[in-house]
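Here's the structure we're looking at; comments come further down.
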Amino acid sequence: MRAVTYDEFRGPLSMRDVPEPAVPAGGVLVRVAATGVCRSDWHGWQGHDADITTLPHVPGHELAGTVAAVGTGVTRWSVGDRVTAPFVNACGRCQQCAEGNHQVCAFQRQPGFTHWGSFAELVALDAADVNLVALPDGMSMVTAASLGCRFATSYRAVASVARVQPGERVVVFGCGGVGLSAVQVAVALGASVAAIDVNPAAVELARSMGATADVEPGDAHVTVDAIGDPRVVETCLSFLRPRGRHVQVGLLPDEQPELPMGRLLAQELQVLGSHGMAAHEYPAMLAMVGSGQLRPDLLVSRTVPLEAAGAALVEVGRSPGITVVEI
């Protein structure tokens, strides 16, 4: 099969013919039709992810396609089904999975990190009955891929973890794919949203999706760090009103923020982490997409063929919006 690979961290990304992955027991092979180009893939290519231990490696984890082969023990899926999946493939058996918290599964697998990913014609996904999501009729593969880790992660962070309510004031820091998704979701939930980014074009795109507010420090009900920077976290906390909630979505480097524990205590602030979204939580998000309340397709700024996926990965984040690879 064709796949985009790299043989060393920060090394050349090239398309080549590689062996097809084996069909995992309890899992499936998905024939990839579209896959998003995500900043997390860039971090993996840079050598920042400890799960990538074997080279050459195939990146990619925001995928949509059709089931090409079904492993032993799979009961819910058949060849030809149109599907997507969260970037966290849960085991379905551990204590966290038993409680429905698949996104923090103790034995999770992640395509593009723990094993070869979706910058390829085929990708293996484990525990299919737990992790696959059926695509609605009429949803394009490009739109489905744009849900990826970014939109689904932001949906859960804003709607379920931060519990944004109508009329609340929300500040989103960073207007990349995660931040723009968070803006869309917060607006759809009836919040007044401010979007902050150093790139004026990214802020303008956020405004086209409903970000209109100018929120003063100390006045936000909810802040979202969609960048992953200690200084941004500290700024987010300064924008919160008493009993405000900060939700951390952006991955942080080794350097950690200094939390004002006295203020957190005195004003009862909440600092919340949010890591992906389980497959069983997708229906509520898909219903809002189906009704037109959410428009993940508007985040897609360009599509490229598989041959151009390596170059797109190198350039990820340099222009507003999401790039999706069509295969």
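No value in this document is a laboratory result; all are computed from the given coordinates. Worth saying up front: this structure is predicted, and the values here are computed from it rather than measured. So basically every Cβ, Gly included, is an ideal-geometry build from the backbone, and we count neighbours across all protein chains shown.
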- Label points 7 Å out from Cα along the Cβ direction at residue 301 and residue 264: separation in nm? 3.4 nm
- Query: Any idea what % of Cα-Cα pairs in the range 163-273 are farther than 22 Å?
  - Reply: 24 percent
- Could you give the distance between the Cα centres of the range 226-291 and the range 41-93, to the whole Å? 26 Å
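Go ahead and estimate [θ] at 222 nm for the chain from helices alone: -39,500 (n - 2.57) per DSSP H run with n ≥ 4, summed, over the residue count, rounded to 500.
Working: 11 runs with 78 residues, N = 327.
Taken over the chain, the calculation gives -6000 deg cm²/dmol.
From the alpha carbon gyration tensor of the chain, can you work out the equivalent ellipsoid semi-axes (sqrt of 5 times each eigenvalue) and give them in Å, largest to smallest? Don't jump to the answer; show the numbers that get you there.
Numbers: eigenvalues 209, 85, 75 Å².
So the three semi-axes of the chain are 32, 21, 19 Å.
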- Alpha-carbon radius of gyration plus Dmax, which is the widest Cα pair, for the range 62-198 in Å: 16.6, 50
- Task: Note the angle between two axes, namely the Cα long axis of helix 230-239 and the longest principal axis of the Cα atoms of the chain, as a number of degrees from 0 to 90, rounded to the nearest 10.
- Result: 40 degrees
- Please give the contour-minus-distance gain from residue 93 to residue 140: 0.36 nm per residue of separation, less the Cα-Cα distance, rounded to one decimal in nm. 13.7 nm
